[in-house]
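Heads up: the structure comes next, in structure tokens.
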Amino acid sequence: MAHVAATRRYIYCITDCPEPTSFGPIGVGNDAEVFALPHEGIAAVVSSTATEEFEISRENTLAHQRVLEAVMQRGHTVLPVRFDTLAEDKPGRATDAESRIVNHVLVQRRDEFNGLLALYRDRVELGVKGLWTDMNAVFAEIVNENDGIRLLRKKALDGASPRSGMLPLMARLGELVKKTLDAKKSAAESELLNHLAGTILEARKNKTFGDPMFANLALLVEKSRQDDLAAALSAIEDERAGRVRLKLVGPMPLFNFIELVITWDD
């Protein structure tokens, strides 16, 4: 098989790395060497590839994330670049992919990147998942607090509806329970954010999964306040007497708060 030249550079992030630096063979798609391409104090973190476009798969997106985490572990501030951002050599021109990245990205957007690096230098993204530990108790509360659910449930248990009407009744009951559970989740999420307001800078609400999860939050926090956030979450768990579990994850790349978009003029 003929060798295909790696004429493209996959761009992972912009960072404050001032020197050429290798982050190891951890690149998306082919475990290519990932390295910093610096210019006057800032750098694009890239790897070489012959691939024209990368599929948005779990494997590829996790590889992209791992590169950013590797850069963070070296003590650098990371500005994530959108997945599958590529620069390529232009045949017949003197400007190769790396020169295009330096001139079109690092030079032209230098002030923007320096401003963002300064803004996020002392901040981290942390994830918090809120889960109810006893769903039987939660559903019991829903029944007790909602007259409509209680009435439909009684009809279903008593067999008050004819067989032909039981399926529609159960469907209505299920819809009402779901609507009420969603409202209960939203209220619990808002209450959690109110408790954390003094320890976080910003929050992003992400989709929850399954009945027990009432919150799936991305939080922007000052690095110096990470312990304060952990303590606040622990205090909420204690206050709820084991009825909720709050899982803290991170620090992570700032995916929920910044995503750089790089486009090319040609």
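The values are calculated or read from the model by the stated rules, or taken from the named source; none is laboratory data. Just so you know, these numbers come straight off a predicted model, no measurement behind them. Glycine also receives a Cβ, built like all others from the backbone with ideal geometry; neighbour counts cover every protein chain displayed.
Couple of notes before you dig in:
- Test: residue in segment 97-114 that is closer than 24 Å to residue 221 by Cβ, of a type in the set (Lys, Arg) and in the same structural domain as residue 15 (by TED's automatic domain parsing): no
- Tally, over segment 40-52, of residues that are closer than 16 Å to residue 96 by Cβ and buried (at least 16 other Cβ atoms within 10 Å of the Cβ): 5
- Look at segment 207-221: where a residue is in the same structural domain as residue 135 (by TED's automatic domain parsing) and a partner is β-branched (Val, Ile, Thr) and not in a loop (DSSP other than H, G, I, E, B), sitting 6+ places away or on another chain with Cβ atoms under 7 Å, you get 215/128; 217/128; 219/128; 221/124.
- Filter result for residue 166 (at pLDDT below 70 and either surrounded by 12 or more Cβ atoms within 10 Å (Cβ to Cβ) or closer than 30 Å to residue 242 by Cβ (or both)): yes
- Output for segment 188-211, where each listed residue is acidic (Asp, Glu) and within 16 Å of the chain's Cα centre (by Cα): 202
- Segment 173-226, residues that are within 17 Å of residue 257 (Cα to Cα) and charged (D, E, K, R): 202, 204, 205, 207, 222, 223
- Selection count where residues are within 23 Å of residue 224 (Cβ to Cβ) and out of contact with any helix residue (DSSP H, G or I) (no Cβ under 7 Å at 6 or more places or on another chain), scope segment 113-127: 10
Residue-wise test of (1) over 30 Å from residue 175 (Cβ atoms); (2) at pLDDT 95 or above; (3) loosely packed, with under 13 Cβ neighbours inside 10 Å; (4) of a type in the set (Gly, Ala, Ser).
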{"position": "88", "(1), (2), (3), (4)": "yes, no, no, no"}
{"position": "91", "(1), (2), (3), (4)": "yes, no, yes, no"}
{"position": "97", "(1), (2), (3), (4)": "yes, no, no, yes"}
{"position": "100", "(1), (2), (3), (4)": "yes, no, no, no"}
{"position": "108", "(1), (2), (3), (4)": "yes, no, yes, no"}
{"position": "117", "(1), (2), (3), (4)": "yes, yes, no, no"}
{"position": "129", "(1), (2), (3), (4)": "no, yes, no, no"}
{"position": "137", "(1), (2), (3), (4)": "no, no, yes, yes"}
{"position": "145", "(1), (2), (3), (4)": "no, no, yes, no"}
